[in-house]
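Next up is a structure, given as structure tokens.
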Amino acid sequence: VLIEFKNVTFVFIGPLKLPESIVAHRIFVEKKYPNVVVTGQRHFKSLKYYIHKAKFCISFMDVSYAPNMIHHHKTLHYLAQGKPIFSPVFSEYKKNDHLFYMSNNHDDLLHLLSNFIEHGEDIGLCEKRIEFAREYTFERIFKKSHTFLKTIDNY
């Protein structure tokens, strides 16, 4: 991705936990690619500014660890700002896969990203992502929980 899209700046936010990997070493230790910016860990309240400036977001996960394939904890932050998200296939979002760019295949993800960078996307997807994220506000979650608990109480 870094080589394919040399004119795109990729910003990595958060602590780096590098695997034993030649590629990771080239990217983050040798700093071989000028289109990579590593900010390190940032206070969670400042993340919204980084997300706002981003054209898209990437949710990297270790796909060999099954629990990682459920969802990524920052996904709702990305959705709340209507951002396109490139990620592995998260089981939690399969029903709404039209809002995401998901694949477990590296080449497919590269193609999806290339197509997005070259052609953009339907402008209506931004608002649809925001609407999806609204379903997960604390108020709505509490209301759903309350409704659920009432049904148990009546059981």
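The values are calculated or read from the model by the stated rules, or taken from the named source; none is laboratory data. Since we're looking at a predicted model, the values are computed, not measured. Glycine gets a Cβ as well: all are built from the backbone with ideal geometry, and neighbour counts include every protein chain shown. For accessibility, only protein heavy atoms count, side chains too; no ligands or nucleic acids. Shrake-Rupley method; radii C 1.70, N 1.55, O 1.52, S 1.80 Å.
Among all lysine pairs in segment 1-114 that are eight or more places apart or on different chains, how many have alpha carbons less than 16 angstrom apart?
Here the count comes out as 13.
Another question about this same structure. For the chain, which whole-number percentage of the solvent-accessible area (1.4 Å probe, protein heavy atoms only) is attributable to carbon and sulfur atoms?
Carbon plus sulfur share of accessible area: 57 percent.
Rg and Dmax of segment 74-155 over Cα atoms: what are they, in angstrom?
Cα-based Rg and Dmax for segment 74-155 come out at 16.2, 55 Å.
Within straight cross-link reach of residue 143, meaning Cα distance under 18 Å, which aspartates and glutamates are found once same-chain residues fewer than 8 apart are removed?
Within reach: 131, 135, 153.
Here is a further query. In the chain, with Lys and Arg counted as +1 and Asp and Glu as -1 at Cβ, which of these residues, 37, 8, 113, has the Cα nearest the positive end of the dipole, that is, farthest along it?
37
Something else: Okay, helix-only estimate at 222 nm for the chain: each DSSP H run of n ≥ 4 adds -39500 (n - 2.57), divide by all residues, round to 500 deg cm²/dmol; what do you get? Mind showing how you got there, number by number?
Numbers: 5 runs with 55 residues, N = 155.
It lands at -10500 deg cm²/dmol.
Which one of 38, 29, 11 has the biggest mean-square fluctuation once the chain is modelled by GNM with Cα springs under 10 Å?
Between 38, 29, 11, it is 29 that shows the largest mean-square fluctuation.
With a 1.4 Å probe and every protein chain left in place, work out the accessible area per residue of the chain in Å², rounded to a whole number.
On the way: 11340 Å² over 155 residues.
With the other protein chains kept in place, the chain gives 73 Å² per residue.
At a temperature of 25 °C and a viscosity of 0.890 mPa s, determine how fast the chain diffuses translationally according to Stokes-Einstein, using the Kirkwood radius over alpha-carbon pairs as Rh; express D in µm²/s, rounded to the nearest whole number.
It diffuses with D of about 141 µm²/s by this estimate.
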